[in-house]
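Comments concern the structure below.
The values are calculated or read from the model by the stated rules, or taken from the named source; none is laboratory data. Not measured: the values here are computed from a predicted model. No Cβ is skipped: glycine too gets one built from the backbone with ideal geometry, and neighbour counts run over all protein chains shown. Heads up: the accessible areas ignore ligands, DNA and RNA and are worked out on the full protein's heavy atoms, side chains in. Shrake-Rupley method; radii C 1.70, N 1.55, O 1.52, S 1.80 Å.
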Amino acid sequence: MSVMRVEVVSNEEHIYSGEASFVVVPTVSGELGIYPRHEPIMSLVRPGALRLTVPDSPEEVLVAVSGGILEVQPDKVMVLADIALRSAELDTARAEEAKRAAQERLAHAKQSNDDYAQDKAHVALAAAIAELKTLDYLRVHKE
């Protein structure tokens, strides 16, 4: 089986480092499926579920990513995520509350024309959306 090296790094920690035989990354152009020996590309990552097929593992490795940059080389995939959470760290109630709070902060920041607060609210909203999208994927594919 052909494999590639995959690194997923957030601003705060190293999320995943290992081999994968297939990777699906949510990009601004849509979901991108990557096999070993893929042509080199770079893309922006959008909020959603990053999925890794790991050799000798019956289940996908799932990571919620809120945005970032993807770099693909023939033998390596690197995702530099703004915020990333492992699937074991996901919680529906917390994500829904975080989304609601971020939407409120964003509305308030827009009313006061506070660009910095708007940026922070957008980041929080993207993280909550990524978590909810990943939880939706888990719900659909684990039933």
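Remarks
- Taking only the Cα atoms of segment 1-59, the ratio Rg/Rh comes out at 0.95, with Rh defined as the Kirkwood radius.
- With θ taken as phi - 60° and the Karplus curve 6.51 cos²θ - 1.76 cosθ + 1.60 applied, the whole-hertz 3J(HN,Hα) list for segment 24-31 is 10, 10, x, 10, 5, 9, x, 6 Hz, x standing for glycine and proline.
- Virtual spin-label span in nm between Glu12 and Lys76, 7 Å along Cα→Cβ: 2.6
- Solvent exposure of segment 28-86 amounts to 52 Å² per residue of accessible area, where only protein heavy atoms count and the probe is 1.4 Å.
- As a fraction of the 1.4 Å probe accessible area of the chain, surface on carbon and sulfur atoms comes out at 52 percent.
- For Met78, the accessible surface of its heavy atoms amounts to roughly 40 Å² (probe 1.4 Å, protein chains only, rounded to the nearest 10).
- Taking the average, over residues, of other Cβ atoms within 10 Å as the packing measure, peptides 4-11, 21-28 rank 21-28, 4-11 from highest down.
- The distance between label points at Val28 and Val123 comes to 1.8 nm (points 7 Å beyond Cα on the Cα→Cβ vector).
- Computed accessible area, Asp115, all protein chains, 1.4 angstrom probe, square angstrom: 110
- Which of Ile15, Ile69, Ile83 is most accessible, then next, and so on - probe 1.4 Å: Ile69, Ile83, Ile15
- Panel values: the chain, Kirkwood radius from alpha carbon pairs, Stokes-Einstein at 25 °C and 0.890 mPa s, translational diffusion coefficient 157 µm²/s.
- Karplus-based coupling profile of segment 67-76, in residue order and whole Hz: x, x, 10, 10, 10, 10, 10, x, 10, 8, with θ = phi - 60° in 6.51 cos²θ - 1.76 cosθ + 1.60 and x standing for Gly or Pro.
- Helix 115-142 and the longest principal axis of the C-alpha atoms of the chain enclose an angle of approximately 50°.
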